[in-house]
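Trainee: Encoded as structure tokens, here's the structure I'll be asking about.
The values are calculated or read from the model by the stated rules, or taken from the named source; none is laboratory data. Small disclaimer: the values here were computed from a predicted structure and weren't measured. All Cβ positions, glycine included, derive from the backbone under ideal geometry; neighbour counts span all protein chains shown. Protein only, heavy atoms only, side chains kept; ligands, DNA and RNA dropped before computing areas. Shrake-Rupley method; radii C 1.70, N 1.55, O 1.52, S 1.80 Å.
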Amino acid sequence: MNRNKIAIESLSMDLLRVALGYHRGSNKMTKNFLREAKKRVNEVEKSKVKPYFVKILKRIPTDLSKKDTGRIAEDALMYSNLCRNYAKKFL
């Protein structure tokens, strides 16, 4: 299994945990997974993924830095699905 696939799937899981954490009200746990998700974005080798996915990766840190936790949860779930689908189809 290649490193990009592992990084993108791990990012997907971290984002899913962020969405579930905010939904359940576990803010402390959610903060940890937010940090992990932002680190994982940098682990992906952007030269080896499609250009549209690079744009998505660039938007993740800014969208996860908003004040509204409900919006962050929705965005995290959306990005989680996008990452999972990309890893499944292209890697």
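Trainee: Expressed in nm², what is the orientationally averaged projection area of the convex hull enclosing the Cα positions of the chain?
Mentor: It is 5.2 nm².
Trainee: For the chain, which whole percent of the accessible surface, found with a 1.4 angstrom probe, sits on carbon and sulfur atoms?
Mentor: Whole-percent figure for carbon plus sulfur exposure: 53.
Trainee: Relative to the present Cα-Cα distance, how much length would full extension add between Asn27 and Arg59 at 0.36 nm per residue of separation?
Mentor: The span from Asn27 to Arg59 would gain 9.3 nm if fully extended.
Trainee: Taking a virtual spin label 7 Å from the Cα of Asn81 along the C-beta vector, which residues in the range 4-35 bring their backbone nitrogen under 20 Å of it?
Mentor: In the range 4-35, the label zone of Asn81 (backbone N under 20 Å from the point 7 Å along Cα→Cβ) covers 8-24.
Trainee: With unit charges on the beta carbons (Lys and Arg positive, Asp and Glu negative) and the dipole taken about the Cα centre of the chain, which residue among Val44, Phe33, Ser80 sits farthest to the positive side?
Mentor: Among Val44, Phe33, Ser80, the one farthest towards the positive end of the dipole of the chain is Val44.
Trainee: Under unit Cβ charges (Lys, Arg +1; Asp, Glu -1), what dipole magnitude, rounded to 20 debye, does the chain have relative to its Cα centre? Provide the component values of the computation, followed by the final result.
Mentor: Numbers: 22 positive and 9 negative charges, 35 e Å.
That gives a dipole near 180 debye.
Trainee: Give me the accessible area per residue for the chain, probe 1.4 Å, as a whole number in Å².
Mentor: Accessible area per residue: 63 Å².
Trainee: Ranked from highest to lowest mean number of other Cβ atoms within 10 Å per residue, what is the order of the peptides 69-77, 43-51?
Mentor: Peptide ranking by packing, descending: 69-77, 43-51.
Trainee: Can you list the lysines whose alpha carbon is less than 18 Å from that of Lys28, not counting same-chain residues fewer than 8 positions off?
Mentor: Lys38, Lys39, Lys66, Lys67
Trainee: Further question on the same structure: Report relative contact order for the range 1-78 in percent, whole number only (criteria: Cα-Cα under 8 Å, sequence separation at least 6). Write down the numbers at each step before the final one.
Mentor: On the way: 65 pairs, mean separation 31.2, N = 78.
Relative contact order here is 40 percent.
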